[in-house]
Amino acid sequence: MLPRFLRRYENPMKIITWNINGIRAALGRRSLDWAFAKRPDYLCLQEVKAREEQLTDEQRGMLKLPYAWNPAQRLGYSGVATFFNHQPDAIVIGMEGTAFDAEGRVIQTVGAGFRLFNIYFPSGQRGKERVDYKLAFYAHLLKLCDKLHKQGESIVITGDFNTAHMPIDLKNPKQNQKTSGFLPEEREWVQKFLDHGFADAFRRLYPEKVQYTWWSQASGARQRGVGWRLDYFLVSENLMPRVRDVVVHDEVIGSDHCPVELVLDL
C-alpha cells in the first residue's frame, strides 16, 4: 500500500478551461486534440461560436467526450460547451432563466462534491452599454453564488473573465487603466468574489508569478510577451486545500487564449 501522503495525489481530478475562439476553426486546425489527449475530467470551452447542429459528422467525431452545449441565440457568437469524463449528477444551462441566458454564456455541472460554472463573461470593449451589461452579469452571478454558498455548496468558477484583476495580470497596466478589461469597476467585481468566499487558485498558489492567458492577435503580441491573464479558476475557500496545482499552458497555440488547467485532489 502507498504511504498516506502519496495516496493523497494518486488520482487527481483535472479541469481544463480554454477560450477556443470558434470550435469549428479549432477542430479544423485539430487544436482540441491536445485537450482531449490530456484526458481531463472536465473540459470547459468558451466562445464556441456555433450551434451543435452546425457541426459536420466529421467534426462531431472529433469530440472525444460527452458534452453539454449552450449556444447563443445569435449565430456565430459567444457560446460555451462543457465536456466530461463521467456523467455529472446535474447539468444546468444558464443562470436561472435570466435575460443573460440569451447569449449562451453559462453551463453549470454538479458532481464530485462541487458545482462547476463554465462561463464566458461579457466583454466591455464595445462601449459603456456593454460595460454596464458586464457588471450586471457579475452582480447576478455573485448573488447566485452567495445563495449556493449559504446552502452549503462548494463552487468552482472557470472561464474567460474578460478582466485582469491586478496590475501583475497584464503587461502594461498603466496604459490600460481606461481600457475595458482593466477598468476599476470591472476589477472591483473580481475582488468582490474574493471577498465573498472565493480564492483565485492560481494567484493563491503563485502570488508573484507573471503569466498570461490571452494575447492580442495584432503586432505579434504573444511573441513579444505582451499579454493579459483573463482566464481564471475561482474556487470556494473550502476547496483550496484540495487544489494541487494550476497550470497555464501558454505553450499551447490554437487560439488567442491558451488553456489553463486546475488539478484537484479527489
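Where a number appears in this text, it was derived from the coordinates with a stated rule and is not lab data. Please read these numbers as outputs of a predicted model, since none were measured by experiment. With ideal geometry, Cβ positions are generated from the backbone for all residues, glycine too; neighbour counts draw on all protein chains shown.
What to note about this one:
- Modelled label positions at S216 and N238, each set 7 Å beyond Cα in the direction of Cβ, lie 4.4 nm from each other.
- Charge sum, other residues only, whose C-beta stays under 10 Å from I253's C-beta, Lys/Arg counted +1 and Asp/Glu -1: -1
- Cβ-based charge dipole, the chain, positive-most Cα from W215, N85, L32: W215
- Each of K174, K64 has some number of other Cβ atoms within 10 Å of its Cβ, and from fewest to most they run K174, K64.
- For segment 185-266, applying the loop criterion from DSSP together with a ceiling of 16 other beta carbons within 10 Å to the GluC sites (Glu not before Pro) yields E208, E251.
- The distance from the alpha carbon centre of segment 98-130 to that of segment 244-259 is 20 Å, rounded to a whole number.
- Nitroxide proxy distance, nm - points 7 Å out along Cα→Cβ at K143 and D265: 3.8
- Loop-resident sites, segment 71-106, for chymotrypsin sites (Phe, Trp or Tyr not before Pro), counting at most 14 other Cβ within 10 Å (DSSP): Y77
- Sequence-separation-based contact order of the chain, relative, with Cα cut under 8 Å and 6+ spacing, percent: 20
- Cα-based Lys pair tally, the chain, threshold under 14 Å, eight or more apart or on separate chains: 5
- Multiplying each eigenvalue of the alpha-carbon gyration tensor of the chain by 5 and taking the square root yields semi-axes of 25, 23, 21 Å, largest first, rounded to whole angstroms.
- Helix content alone sets the calculated 222 nm mean residue ellipticity of the chain: runs of n ≥ 4 DSSP H residues at -39500 (n - 2.57) each, divided across all residues, give -6500 deg cm²/dmol.
- Extension gain, N11 back to Q59 (0.36 nm per residue minus Cα-Cα distance, nm): 14.2 nm
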